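What follows is one structure encoded as structure tokens, with my remarks underneath.
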Amino acid sequence: MTRALVLSGGGPVGIAWEAGLAAGLAEGGVDLAGADYILGTSAGAFVGSQLAMGRSMAEMARAILAEADRPRPPPPPVDGQPAEARAAPNLAQLFALMQAARSGERPPADVRREIGAFALAARTVDEETFIRGFGRQLAEAQADAWPSRGYACTAVDAETGEFVVWDAAAKVGLARAVASSCSVPGVFPPITINGRRYIDGGMRSATNADIATGHELVLVVGIRTGGDPAMSERMRAPLEREMDALRQGGARVELIMPDDASVGAFGVNLMDAKVRPAACKAGIAQGRALAGELKAVWGAAG
């Protein structure tokens, strides 16, 4: 039986929670890295790349938990201005466009082109600085490196709105592929690959789970936050459609969403790096609690 793992977007906080979740599951004997195919979008692209490269999730979680005592360095300056001197980017336009793209009220590719134009016009750090911020495991990977196991991540062409999936066959370097998937418009720079600029694959969907069609067991790790229930429902609708597509393709689908303790640890801003240690700790606890139940499914599928 073939197993696929789908990891959702969720900003720096989502990275911390997913790493903690994977570490907690591993303690209980559930090895997510054993998937035949790992698909990541945005935050999930980074965590998925670490799993696919064989990095210990316990090690990654320890590094995030240590940020509570050694906070992450401030973001690099843009045009000579330090982060604290810059106004926070106004993402209201981005959120409205993302909702329009997912609602079907307009052709999604058209909306994604508008999002791309927004991203290309934004003042952000440069591409190389952004890529270096991912840390040694990714930023120092060879330019043409790619995990030997099945791994893919998603992105969107900033000019055309075309959705793309980077995998081994695409012949794209891992660092730039992951960075493009994580390039939140207005916050991070579009990433240049083969002469074109790419942005966050979450502009199509936070999960893009339907790309995993063809596998017999698909474990989807999604993200939710507290706040407006109506907004949460709108965000959940695309995921439900994707999971239906997987089931229609013959897959058994298992879904993990953050529990109430994890949502409480997130706060309302998934870009707030200060809450990463708390999010990681909550992910570890949730992974430990789920391991016994999930092991019967994930382990039996190997």
Q.
Checking the condition touching a Leu at 6+ places or on another chain (Cβ under 8 Å), among the aliphatic types (A, V, I, L, M) and within 16 Å of residue 43 (Cβ to Cβ), which residue from 297, 220 passes?
A. 220
Q) Right, residue 128: in contact with a helix residue (DSSP H, G or I) (Cβ under 7 Å, 6 or more places away or on another chain), at pLDDT 85 or above, over 29 Å from residue 4 (Cα atoms) and part of a helix (DSSP H, G or I) or not? A) no
Q) Given the structure, is residue 115 at pLDDT 75 or above and in contact with a Lys or Arg (Cβ under 9 Å, 6 or more places away or on another chain)? A) no
Q) So which residues in segment 258-302 are surrounded by fewer than 16 Cβ atoms within 10 Å (Cβ to Cβ), free of Cβ contacts under 8 Å to residues at least 60 places away in the same chain and in a helix (DSSP H, G or I)? A) 260, 261, 264, 293, 296
Q: Please work out which residue is nearest to residue 184 (Cα to Cα), limiting yourself to segment 3-37 and to residues that are more than 10 Å from the chain's Cα centre (by Cα) and part of a strand (DSSP E or B).
A: 5
Q | Given (1) at pLDDT below 85; (2) hydrophobic (A, V, I, L, M, F, W, C); (3) in contact with a helix residue (DSSP H, G or I) (Cβ under 6 Å, 6 or more places away or on another chain); (4) outside any helix (DSSP H, G or I), index of the condition residue 87 fails | A | (3)
Q) With (1) open to solvent by 10 Å² or more (accessible area, probe 1.4 Å); (2) modelled with pLDDT of 95 or more; (3) among the hydrophobic types (A, V, I, L, M, F, W, C) as the list, and residue 1 as the residue in question, which single condition is left unmet? A) (2)
(Q) Against the definition (crowded, with 24+ Cβ neighbours inside 10 Å and not charged (D, E, K, R)), how does residue 172 come out, yes or no? (A) no
Q: Kindly provide the set of residues from segment 154-169 that are part of a loop (DSSP other than H, G, I, E, B), over 17 Å from residue 131 (Cβ atoms) and open to solvent by less than 10 Å² (accessible area, probe 1.4 Å), ordered by number.
A: 161
Q. In segment 196-229, which residue that is more than 24 Å from residue 179 (Cα to Cα) and not acidic (Asp, Glu) is surrounded by the fewest Cβ atoms within 10 Å (Cβ to Cβ)?
A. 229
Q.
Checking the structure you have, find out if any residue of segment 52-65 is within 17 Å of residue 181 (Cα to Cα) and either small (Gly, Ala, Ser) or not in a loop (DSSP other than H, G, I, E, B) (or both).
A. yes
**Q.** Members of segment 159-171 found to be over 26 Å from residue 53 (Cα atoms) and either under 18 Å from the mean Cα position of the chain (by Cα) or of a type in the set (S, T, N, Q) (or both), listed by number
**A.** 160
Q. All but one of (1) in contact with a strand residue (DSSP E or B) (Cβ under 6 Å, 6 or more places away or on another chain); (2) polar (S, T, N, Q); (3) free of Cβ contacts under 8 Å to residues at least 12 places away in the same chain hold for residue 208; which doesn't?
A. (3)
Q.
Looking at segment 188-198, can you tell me whether even one residue there is assigned to a helix (DSSP H, G or I) and within 25 Å of residue 150 (Cβ to Cβ)?
A. no
Q) Being of a type outside the set (A, V, I, L, M), open to solvent by 60 Å² or more (accessible area, probe 1.4 Å), under 22 Å from residue 264 (Cα atoms) and at pLDDT 95 or above, is that true of even one residue in segment 42-52? A) no
Q: Filter segment 140-153 down to residues that are within 15 Å of residue 193 (Cα to Cα) and open to solvent by less than 40 Å² (accessible area, probe 1.4 Å) and give me whichever is modelled with the highest pLDDT.
A: 153
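The values are calculated or read from the model by the stated rules, or taken from the named source; none is laboratory data. From a predicted model like this one, the values you see are computed outputs, not experimental measurements. Cβ: placed from backbone, ideal geometry, glycine included. Neighbour counts: every protein chain shown. Protein only, heavy atoms only, side chains kept; ligands, DNA and RNA dropped before computing areas. Shrake-Rupley method; radii C 1.70, N 1.55, O 1.52, S 1.80 Å.
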